[in-house]
Each structure stands twice: as C-alpha cells, then as structure tokens.
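Quick one: this structure, given as structure tokens, is what I'll be asking you about.
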Amino acid sequence: MNIFSRIRILALLNLLFLMFYSSGNAQINTEKYRKYYNDENGFLFNAITTFSIKAGNTEYTAIKGTGRVDHNGGKMDFFLVGNFEYKNTSENKIENQGFLHLRGILDIKKRTAWEFFAQRQYDEFIDLNSRNLAGTAIKYRVVEFRSLKDSTITLDINISTGLMYETEEYQPDQTKIENFLWRSTNFISVDWLIKQKLNLTGVMYYQPSFANFSDFRIAADAGFEFAIAKSLFFIFNLTYRYNNIPVTDVKPFDISIHNGIRIEIN
C-alpha cells in the first residue's frame, strides 16, 4: 500500500470518527460552508432549501434554507452565508433559529491563510435572543492532494487556531442573561472528493473560554453530497453540539440530521 492510499484511509477514518463521535449549543460550524471546488475568480452563488409537511394524525410544517455568496479574488476571498430553520405544529412552534456569517480569507503563504470573521445568531428554543461575535484565526493546510487530470483538490485536511470576542443574550423567562467573553477557537477539517460527483466532509471545533477553561464548547458536522445533474446535488448532513456549561436550563447537547438539494449557479 503506497503512502497516498494510506493517507486516504486515515482521512476516511478521521471522517468516520467525526460522524459518530463529535460533540455546543449556540455554535455554528462555518468551515462546512466553504467553496465547493470552484477556484475561479469572481462571484459564486449557492442556495439550498428543504421543505417538509405532514398531515393526518401528526401535523407539522418545516422549512430550512441556506444561501451564500462567495467572491474569489487573487489573494483574498470573502464569503457571506445565511441560514434559517423553522418548524411548527398546528399548535406550537418547535424550532426557530438562524444565523448570518461573514468571513474573509487572506493567503499569506502557499499553505497558510489569515482569516477574520463576524457572525450574528439566534435560537429561540435554547432561549438565545442573540449571539454576536467577531474574531481572527490562522489556518494551515496540513494535507493537499490534487487530481492529475485537472488539478482539482481531491483531499484537503486543515487545522486552525485563533481567538474571538462574543456577546450573548439569553431570556429564559422575564429576566435577561448577558455574557461577554473572549474564547479560543480551533478546528480540524477533512474534505475528500472521492469522485467528481461524490464529496465527503467533516469538521470539529473546540472553543474554550480564556476566563474559565472548563467553559468549553465542541461542535462537529459531517456529511456527503453527490451530483444528481450538472448543477443539482443531493446532500446529507449530521450535526452534533455539546456545551459543557449551558447558560440556561437546557440539555447540554443537540443532534440533527438533514438531507436535501443544493443548486449551484455560476
């Protein structure tokens, strides 16, 4: 077995680990929203939406949408991504959350990039009125393999470390709870393009507070997508969150599974 095959197997094992053992509330894995193997300069737009409805003995309506805009430059790239999820029954809302994230990426060296980001988020069902954050990080590409046919990146493993300042406002009842603190933000990500029409991804974050290292959050996402048509993709995503010290009286973890369609226009 050559070194390339061994590294691919190691990457797959890492991905499976992320899928089946990954663990914060009110935390977003933005690494999964990066470019979909398109390195051309200019703008790129993506939209994903899923809609569910059920009637009869059980009734509910659910909608989820994600939209993003990339601008790829020579040395610096930007992307803006927004997401919302809403679900209700005939009597109650059972999910209402969303976020907006802006990120800039400046290439410093061949494998190293400086990033800066800002984000706003809400989640009604963990009593989160708003979470605002801004920060910066250094990202390093540990492994990169390209296709011999067209130089497309087929295996991409990255690590990142940085810091961010966040403000949170919770309202479990009539009383507001506000937090202001600095956190370290770190992740490892795996992106494996097995074939031109099949892509596996996994990413894990670790974000401890500088003031109290026992106040940490871990988040992981894993999934795959494959092409149905030229610009139409089926997607599957597994998300798991763990917050070691929840702010309000909620469970410390959340898990969700989604599937749907991605449309690419460029």
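Taking into account only those residues within segment 134-178 that are among the hydrophobic types (A, V, I, L, M, F, W, C) and under 30 Å from Ile94 (Cα atoms), which is surrounded by the most Cβ atoms within 10 Å (Cβ to Cβ)? I'd like the intermediate steps shown before the answer.
From segment 134-178, those among the hydrophobic types (A, V, I, L, M, F, W, C) are 134, 137-138, 142-143, 145, 148, 153, 155, 157, 159, 163-164, 177; that's our starting set.
Right, trim to under 30 Å from Ile94 (Cα atoms) and you get 134, 177.
On the way: Ala134: 13, Ile177: 15.
Looking at the filtered set, the residue picked out is Ile177.
For the condition under 13 Å from Lys139 (Cα atoms), in contact with a Lys or Arg (Cβ under 7 Å, 6 or more places away or on another chain) and among the aliphatic types (A, V, I, L, M), what is the one hit in Leu100, Leu80, Leu106?
Unique residue meeting the criteria: Leu106.
Quick grid of which residues meet (1) under 27 Å from Phe116 (Cα atoms); (2) touching a strand residue (DSSP E or B) at 6+ places or on another chain (Cβ under 6 Å):
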| residue | (1), (2) |
| --- | --- |
| Ile194 | no, no |
| Asn199 | yes, yes |
| Phe213 | yes, no |
| Phe234 | no, yes |
| Tyr240 | yes, yes |
| Val247 | yes, yes |
| Lys251 | no, no |
| His258 | no, yes |
| Arg262 | yes, yes |
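On to the next question. For residues in segment 190-218 being at pLDDT below 90 and outside any strand (DSSP E or B), which is farthest from Gly260 (Cα to Cα)?
Gln196
Something else about it: Tally up the residues in segment 219-262 that are among the polar types (S, T, N, Q), over 21 Å from Asn46 (Cβ atoms) and in a strand (DSSP E or B), please.
Number satisfying all stated conditions: 1.
Also, quick follow-up: Could you tell me which residue of segment 217-242 is farthest from Ala134 (Cα to Cα), considering only residues that are more than 16 Å from the chain's Cα centre (by Cα) and either buried (at least 19 other Cβ atoms within 10 Å of the Cβ) or among the basic types (Lys, Arg) (or both)?
The residue in question is Lys230.
Just one of the numbered conditions (1) farther than 23 Å from Val142 by Cβ; (2) within 19 Å of the chain's Cα centre (by Cα); (3) surrounded by fewer than 16 Cβ atoms within 10 Å (Cβ to Cβ) is not true of Leu181; which one?
Going through the list (1) farther than 23 Å from Val142 by Cβ; (2) within 19 Å of the chain's Cα centre (by Cα); (3) surrounded by fewer than 16 Cβ atoms within 10 Å (Cβ to Cβ), Leu181 breaks only (2).
Of everything in segment 108-133 that's surrounded by 14 or more Cβ atoms within 10 Å (Cβ to Cβ) and of a type in the set (A, V, I, L, M), which residue is farthest from Ser209 (Cα to Cα)?
Restricting to residues being surrounded by 14 or more Cβ atoms within 10 Å (Cβ to Cβ) and of a type in the set (A, V, I, L, M), the top hit is Ala113.
The values are calculated or read from the model by the stated rules, or taken from the named source; none is laboratory data. Please read these numbers as outputs of a predicted model, since none were measured by experiment. Note: ideal-geometry Cβ built from the backbone for every residue, glycine included; neighbour counts use all protein chains shown.
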